[in-house]
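The values are calculated or read from the model by the stated rules, or taken from the named source; none is laboratory data. Predicted model, so just to flag it, every value in this text is computed and none were measured. Using ideal geometry, Cβ is built from the backbone for each residue, glycine included, and neighbour counts are taken over all protein chains shown. Keep in mind that these areas ignore ligands, DNA and RNA; they rest on the heavy atoms of the full protein, side chains included. Shrake-Rupley method; radii C 1.70, N 1.55, O 1.52, S 1.80 Å.
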Amino acid sequence: MSVPFYEFRMQDNPRVWDLQILHDAHGNARGDKNRWAELRRRPKRSDLIPPLELAVERAGKIRDITFVHCEIPVLSPHVADVLRKLAGERIELIPAKVQDVPGDYFVMNVLSEVKCLDEAKTRYVQKWTEDLGQPHRVGEYAMIEGLVINPELAARHNLFRLWGHNSRLIVSASIKEAFEREGFTGVDFIDVCSPQPTLAEMAAQRKKMREFYDHLLAPAIEECNTPQKLGALLR
């Protein structure tokens, strides 16, 4: 039986804090935010000098895991300890400090990359071609919707980036279970082994949902449209 895998995705919550990386210990910055994407482009160790300095870009509730810039995870020490045990040498944990916030943090650089996308089961796949202006990325994935992987190809990996679309972080059930057991906050786990509905199936589901609510609300709408109700509303 195949081991289940999940996409490791930032929770969408505007009330939590947001961070940005400023520079490393020698003051080396990477220019604009996109330059920090080197921490997710290819599985290699960074030449940054720790600790990295981060700043709070938006105030809010502190999370155990925060994603900065191009899907780069920032971890609390407890999260870092758990992932160090489960991912070992497949990750690099770069010590970091957040301005005006006590305690230590870690920026995680994922060193493992696996080519395991199941293109046939994924809802939508668009690959880079030469005419899209990224010749060095030809054959990689420009867009993926409804991600499904082949778990057999990802066996023995607990944490990795998806080859060809490095912004997608995938984790095993072991990591998901550990996070849920510890109560870590800041991430959602999205199943990437089950077939995803097609666009036509999604449209049919939305239509069915609209029809359900139309039927549910019809009596109330009809009552509001009676002459007595309309007269009361216009007075």
Open item on the list: 7 Å from Cα along Cα→Cβ at both ASP188 and THR129: what's the point-to-point distance in nm?
Closed with: 3.2
- [ ] Could you state how much accessible area LEU159 has, in square angstrom rounded to the nearest 10, with a 1.4 Å probe and all protein chains kept in place?
- [x] 0
TODO: Please give the residues of the stretch 66-96, grouped as numeric ranges, whose backbone N is less than 16 Å from a label point set 7 Å along the Cα-to-Cβ vector of LYS44.
DONE: 92
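Take the solvent-accessible surface of the protein heavy atoms, probe 1.4 Å, and return the percent of it on the stretch 24-159 that carbon and sulfur atoms account for. Spell out each step's value before the answer.
Values: 3390 of 7240 Å².
Ligands and nucleic acids excluded, carbon and sulfur reach 47 percent.
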Open item on the list: Given the whole protein assembly as supplied and a 1.4 Å probe, what does the accessible area of ILE62 come to in Å², nearest 10?
Closed with: 90
- [ ] Work out the FRET efficiency for LEU22 and GLU177 from their Cβ-Cβ distance, taking R0 = 45 Å, and round it to the nearest 0.05.
- [x] 0.85
- [ ] Over the alpha-carbon set of the stretch 7-132, divide Rg by the Kirkwood Rh and report the Rg/Rh ratio to two decimals.
- [x] 1.00
